[in-house]
Amino acid sequence: MLGVLAIQTQHLAEAVTLIAEAVTENPNIAAAHRNYALALHNVGRKAEAIDCYERSIALEPTFCDAYVHLAGLLVEVGQSERALSWCDEGLKLHARDPFLHLSRAVALRARERLPETLISCEKAISLRPTCAEAWDKRGAALQELGRPQEALQSFALAVELRPDFSAAYHHAGLVYLQTGQFSPGWELLEHRDQARRDFGRARWHPKTHVEGVRVLLHSEQGLGDTLQFCRYASLVAACGAQVTLMVQQPLLGVMKTLCSGITVIADTPNPPPSDLQCPLMSLPHAFRTSATSIPAKIPYLAAERRRVIEWRERLGQSGFKIGICWHGSGLPAAVGRAFPLGALAPIAQVPGVRLLSLQKGLGIEQLKQLPQDMCIEQLGPQFDAGETGFLDTAAVMECLDLIITCDTSVAHLAGALGRPTWIVLKHVSDWRWLTDRDDTPWYSSVRLFRQSSPGDWEGVFDAIRGNLANRGSA
């Protein structure tokens, strides 16, 4: 119990030590293993936490709570199929537990089984109609199924049940943005993660017309978000502020080309002194951005000229050079955006085309499984190998005729550089690409290719191949 109290008061390392002692004293108490798993999860020891949840269930198969927590953790670490199996095991004993059905919905969504996700959400709601989380998850499933109005109704019911449900407000904001309703979208987006950092400073707003005020702008989500919204830093500077832009370490080098007069630093818990602060993704709301007022001066980032010269010499002038990126992060928000590398086979067969891999991290292993007649050039182990990434990527992009990429940070970098880019999107794409259009107001050099139905990458790449042939560029 001391360990549980330590968890509740955020003394997490102490919690691990205390509950470990309890488990050592008596290794046959299911609840102790469940609490130990919770403590381990909180300090980032996820593999050990999974083992402890499974031990808890082995000791007490009717311990429903352990199934729920285990499934959530497995989805978090990218093992959604395993999470689904545990949910199904738990439901054999607890068929009327709404939270197990909800956990199953989360696992199904991670597997892109959206119709089944909706069914599980609705089963949870039938068992507990007052469960705000179930209405929220139902809304998310409806949005991904391309049913935005029903999704908004579901989110509205979630916040009616729980007026302080920040996630549901946020998710509703994403639907409004996806459908081009920017005003309510940006406003509701302000409900995202209420644990956002403010560094003890008040929020900056365009009405703050104090010449020379020091403003800290800081990233808060993924690399792609930072690349997309850093454009607003120059607008803040134009208001007379002295701007410091704090970004993720991998972006530090390329961000230093953003705008003269803006100081760019790597993310730190202790930034330099400033008078005011603002998260990057709050700036569109602050500037009341509409679909027609997006700051779209392209390019707003640049590659290092020295690197461009070096890569141009190395790559040579032959062929129609296409940079490719097929996989983004493994985060739950990126589910469904990656396409299999083999889907590019029709492009590889176009005469004169050279495919060059811009891929880093996840997905790179697919290069070992290529068909024998499919050639993809790799850029070597030193490609963006430093602590500050994207400098080589930006330089290589300047040497390419076209970039074909999934929805990931590479797409945003290419757009910010003003390079010809074709972004491949899943059937219902992320909010920023809107719906039913093949261009984007965020990047003038970008063209969008969307799946006509869920999972139809073959149709997308057939269309891309046809467009390449029609260009006559290869």
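Here's the picture: charge each Lys and Arg Cβ at +1 and each Asp and Glu Cβ at -1 in the stretch 143-218, and of 202, 153, 184 the one pushed furthest to the positive end of that dipole is 202. Expressed as a fraction of 2.2 N^0.38 Å, the value expected for a compact globular protein of N residues, the C-alpha radius of gyration of the chain is 1.06.
Put a plus charge on the Cβ of each Lys and Arg, a minus charge on the Cβ of each Asp and Glu, and nothing anywhere else: the dipole of the stretch 2-159 about its Cα centre is then about 420 debye. Label-to-label distance, residue 376 versus residue 156, with points set 7 angstrom from Cα along the beta-carbon direction: 4.5 nm. Average 1/r across all pairs of distinct alpha carbons in the stretch 305-471, invert it, and you get the Kirkwood radius: 16.2 Å.
Cross-link reach is defined here as a Cα-Cα straight distance under 14 Å, omitting same-chain residues fewer than 8 places apart; for residue 368 the aspartates and glutamates meeting it are 377. Helix 80-93 and the long axis of the chain differ in direction by around 20°, with both axes built from C-alpha atoms.
Here the dipole of the stretch 305-471 is about 300 debye; that uses its Cα centre as origin and unit charges on the Cβ of Lys and Arg (positive) and Asp and Glu (negative). Computed 3J(HN,Hα) for the stretch 296-305, one whole-Hz value per residue from the Karplus formula 6.51 cos²θ - 1.76 cosθ + 1.60 where θ = phi - 60°, is 10, 6, 10, x, 10, 10, 9, 8, 6, 4, glycine and proline marked x. Listed values for the stretch 160-172 are Karplus-derived 3J(HN,Hα) couplings in whole Hz (6.51 cos²θ - 1.76 cosθ + 1.60, θ = phi - 60°), namely 5, 6, 9, x, 9, 7, 4, 4, 5, 4, 4, 5, 5, and x replaces Gly and Pro.
Could you work out the relative contact order of the stretch 305-471? I mean the mean sequence separation of Cα pairs under 8 Å and 6+ apart, divided by the number of residues, in percent.
Working: 251 pairs, mean separation 39.3, N = 167.
Result for the stretch 305-471 is 24 percent.
If the segment from residue 331 to residue 43 were pulled out straight at 0.36 nm per residue, it would be longer than the present Cα-Cα gap by 101.8 nm.
Would you mind calculating the gained length between residue 17 and residue 81 on full extension (0.36 nm times residue separation, minus the Cα-Cα distance), in nm to one decimal? Spell out each step's value before the answer.
Values: separation 64, 0.36 × 64 = 23.04 nm, distance 3.15 nm.
Here the answer is 19.9 nm.
Separation of the stretch 131-207 and the stretch 316-356, taken as the distance between their Cα centroids, equals 33 angstrom.
The shape of the stretch 321-396 can be summarised by an equivalent ellipsoid whose semi-axes, obtained from the alpha carbon gyration tensor, come to 21, 17, 11 Å from longest to shortest. On the beta carbon distance between residue 447 and residue 149, with R0 = 35 Å, the FRET formula returns roughly 0.80. Going by alpha carbons, how many degrees (0 to 90, nearest 10) lie between the helix axis of 46-59 and the longest principal axis of the chain? Helix 46-59 and the main axis of the chain meet at about 30 degrees. At 4 °C and 1.567 mPa s, grab the translational diffusion coefficient of the stretch 280-330 from Stokes-Einstein with a Kirkwood Rh over Cα pairs, rounded to a whole number in µm² per second. Taking Rh from Cα pairs, D becomes 85 µm²/s.
Quote the convex hull volume per residue of the stretch 203-286, based on C-alpha atoms, as a whole number of Å³.
Here the figure is 82 Å³ per residue.
How charged is the neighbourhood of residue 216? Take every other residue with its Cβ under 14 Å from the Cβ of residue 216, and add Lys/Arg as +1 and Asp/Glu as -1. Each step should come with its number before you reach the end.
Working: positive: 196, 197, 201, 203, 214; negative: 198, 220, 267, 275.
Net charge around residue 216: +1.
Let me have the relative contact order for the stretch 2-159, percent, based on Cα pairs under 8 Å that are six or more residues apart. All intermediate terms of the calculation are to be shown ahead of the outcome.
On the way: 225 pairs, mean separation 19.0, N = 158.
This gives 12 percent for the stretch 2-159.
Quick one: compute the contact order of the chain, relative version, from alpha carbon pairs under 8 angstrom and 6+ residues apart, as a percent. In percent, rounded to a whole number, it is 10. Using the Cβ of residue 384 as centre and a radius below 13 Å, the other residues enclosed give a net charge of -1, where K and R count +1 and D and E count -1. Charged side chains reduced to their Cβ positions (Lys and Arg at +1, Asp and Glu at -1) give the chain a dipole of some 1080 debye around its Cα centre.
Eigenvalues of the alpha-carbon gyration tensor of the stretch 47-97, scaled by 5 and square-rooted, set the equivalent ellipsoid semi-axes at 17, 13, 7 angstrom, largest first.
Of the cross-linked pairs 256/360; 256/297; 46/426; 92/426, those separated by over 27 Å at the C-alpha level are 46/426; 92/426.
Rule-based calculations on the coordinates, nothing more; no lab input. Everything numeric here is computed off the predicted structure, so don't read it as measured data. Cβ coordinates were reconstructed from backbone atoms using ideal geometry, including for glycine residues, and neighbour counts include every protein chain displayed.
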